[in-house]
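The values are calculated or read from the model by the stated rules, or taken from the named source; none is laboratory data. Note that this is a predicted model, so its numbers are computed, not measured. Note that we place each Cβ from the backbone using ideal geometry, even for glycine, and neighbour counts take in every protein chain shown. Quick note on the areas: whole protein, heavy atoms, side chains included, nothing else; ligands and nucleic acids left out. Shrake-Rupley method; radii C 1.70, N 1.55, O 1.52, S 1.80 Å.
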Amino acid sequence: MEQKLTYIRCGDYFIPDIQLSYMEPIEWNRFSRRVAAYLQETNPMLYDDMVLTERLFPYLKEIGETANRRMEQLMKELLEKNPAPDKITQQLAWVQHMNSLKAQAEEIVNAELIFC
């Protein structure tokens with residue numbers, strides 16, 4: 001299995017002309033971006049390997065979708081345990097409560113899926 005590489009001249013250097021075959025468009029959400037940044041910072045060799053073997057983008061897509069589903073599930077559970085104040089009469093308290101629940105859910109998702 002011999003592969004011929006082609007090179008592109010860039011100044012005085014020859015750079016391999018590598019094309020990825022995975023071309024499905026991916027919508028990165030905040031969780032996908034966090035995972036990509038975390039991999040780049042903590043394990044750049046794994047990140048590069050996943051890019052070159054074309055496993056990174058499907059992985060990021062899966063993690064992003066899973067994290068969104070988990071966030072929705074956690075928000076429902078947290079709202080059942082800690083009901084929010086009346087939105088009509090106590091608007092600021094309601095916003096504060098919902099932001100607090102969202103922060104708690106994000107911390108759990110980060111611990112379970114993103115920074116593991």
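A few remarks follow.
- Checklist (1) open to solvent by 90 Å² or more (accessible area, probe 1.4 Å); (2) in contact with a Leu (Cβ under 8 Å, 6 or more places away or on another chain); (3) among the polar types (S, T, N, Q) applied to Gln40, failing item: (2)
- Count - residues of segment 1-21 that are open to solvent by less than 80 Å² (accessible area, probe 1.4 Å) and modelled with pLDDT under 85: 3
- Some residue of segment 56-64 being of a type in the set (Asp, Glu) and at pLDDT below 95: yes
- Set Arg55, Arg70: member being under 20 Å from Phe115 (Cβ atoms), open to solvent by 70 Å² or more (accessible area, probe 1.4 Å) and of a type in the set (D, E, K, R): Arg55
- Residue selection: Glu24 satisfies the criterion of being part of a loop (DSSP other than H, G, I, E, B) and at pLDDT below 95.
- Here Ser100 meets the list (1) hydroxyl-bearing (Ser, Thr, Tyr); (2) over 19 Å from Asn29 (Cβ atoms); (3) at pLDDT below 95 almost entirely, failing just condition (3).
- Among the residues making up segment 29-56, those that are closer than 19 Å to Asn110 by Cα, assigned to a helix (DSSP H, G or I) and without any contact (Cβ under 8 Å) to a residue 40 or more places away in the chain are Arg30, Ser32, Arg33, Ala36, Ala37, Leu39, Gln40, Glu41, Thr42, Tyr47, Leu56.
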